[in-house]
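Working notes for the structure below.
The values are calculated or read from the model by the stated rules, or taken from the named source; none is laboratory data. If you're wondering where the values come from, they're calculated on a predicted model, not measured in any experiment. We place every Cβ from the backbone using ideal geometry, glycine too, and count neighbours over all the protein chains shown.
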Amino acid sequence: MEEALLTRRKQTQRRQGIQARRALRDAERASMSAALCAHLAALPAWQEARTVLAYAAAGGEAALSPLLEAAAGKRIAYPVCLDEAHMIAALPAAEKGWQTGRYGIRAPVLERAEILPPEQLDLVLVPCTAFDPDCFRVGMGKGYYDRYLPGCIRAQAVGIAFEVQKVEKAAAGPFDRRLDGFVTERGIYQWQR
């Protein structure tokens with residue numbers, strides 16, 4: 001019974017978070033993304049990272065591309081979903097390095113990409129549908145990041161979201177990993193280990 005209630009809460013928070021970010025006007029989303037990127041750029045975890053797993057924004061997510069494209073000296077990898085349960089980090093090739101991947105999300109072409117083991121990452125930027133101030137998140141529901149992050153043994157995991165996606169308490173279950181922090185257009189949330 002408790003598991004069914006948690007599942008319903010996740011579905012509700014996921015739906016509301018997606019609706020909230022998609023309801024933003026394009027100009028408003030761009031402005032909020034720029035503010036979020038400024039906060040992320042000031043974060044020591046970003047400044048010190050040399051190898052970053054980012055994401056290509058989809059479905060109204062915060063766009064990180066201006067910051068990522070200007071990230072001199074950093075290796076920026078992107079997730080590629082291999083199947084229903086596995087994700088890898090891939091550095092896209094400079095030329096013809098992108099394709100539409102699983103779920104219609106822009107992803108590196110694997111045949112031309114360099115695959116990075118999770119233990120080589122310094123920072124993982126994690127999108128979400130909802131989050132709380134204690135740095136728990138609700139994702140899209142497939143568990144890709146929750147399965148991938150334990151292998152990122154030296155990386156900090158920082159969630160990326162808009163404030164309109166914040167909830168009082170995220171519907172996190174026993175397998176949902178707490179992140180090291182969250183960055184929004186208003187600032188940074190961090191928890192103490």
Specify which of the listed residues (Pro79, Pro44, Pro118, Pro66) is within 24 Å of Gln156 (Cα to Cα) and touching a Gly at 6+ places or on another chain (Cβ under 7 Å). Pro118
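Go through the stretch 77-108 residue by residue and tally those that are assigned to a strand (DSSP E or B) and surrounded by 19 or more Cβ atoms within 10 Å (Cβ to Cβ). Let's see the steps before the verdict.
Of the residues in the stretch 77-108, the ones assigned to a strand (DSSP E or B) are 77-81, 87-91, 98-100, 106-108.
Subset that is surrounded by 19 or more Cβ atoms within 10 Å (Cβ to Cβ): 77-80, 87-90, 107-108.
Total meeting the criteria: 10.
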Going through the stretch 109-122 in order, the residues found to be surrounded by 16 or more Cβ atoms within 10 Å (Cβ to Cβ) and touching a Lys or Arg at 6+ places or on another chain (Cβ under 9 Å) are Arg112, Leu116, Gln120, Leu121, Asp122
State yes or no: is Ala72 touching a Lys or Arg at 6+ places or on another chain (Cβ under 9 Å), in a loop (DSSP other than H, G, I, E, B) and more than 21 Å from Gly143 (Cβ to Cβ)? no
When you scan the stretch 44-59, do you find a residue that is under 19 Å from Met140 (Cβ atoms) and either charged (D, E, K, R) or without any contact (Cβ under 8 Å) to a residue 24 or more places away in the chain (or both), even just one? no
Taking the stretch 137-148 and keeping only residues that are surrounded by 21 or more Cβ atoms within 10 Å (Cβ to Cβ) and either among the acidic types (Asp, Glu) or touching a Gly at 6+ places or on another chain (Cβ under 9 Å) (or both), one is left with Arg137, Val138, Tyr145
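Select, from Glu111, Glu119, Glu168, the only residue that is in contact (Cβ under 8 Å) with a residue 12 or more places away in the chain, over 16 Å from the mean Cα position of the chain (by Cα) and not in a loop (DSSP other than H, G, I, E, B).
Details: Glu111 fails: in contact (Cβ under 8 Å) with a residue 12 or more places away in the chain; Glu168 fails: not in a loop (DSSP other than H, G, I, E, B).
Of the residues listed, the single one that is in contact (Cβ under 8 Å) with a residue 12 or more places away in the chain, over 16 Å from the mean Cα position of the chain (by Cα) and not in a loop (DSSP other than H, G, I, E, B) is Glu119.
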Give the residue that is modelled with the highest pLDDT, with candidates limited to residues of the stretch 149-193 that are surrounded by fewer than 22 Cβ atoms within 10 Å (Cβ to Cβ) and of a type in the set (Phe, Trp, Tyr). Tyr189
Give the residues of the stretch 86-104 that are small (Gly, Ala, Ser) and over 19 Å from Glu119 (Cα atoms), sorted by residue number. Ala93, Ala94, Gly97, Gly101, Gly104
Matching residues in the stretch 122-148 - criterion: being at pLDDT 95 or above, of a type outside the set (Phe, Trp, Tyr) and touching a helix residue (DSSP H, G or I) at 6+ places or on another chain (Cβ under 9 Å): Asp122, Leu123, Val124, Leu125, Val126, Pro127, Cys128, Thr129, Ala130, Arg137, Val138
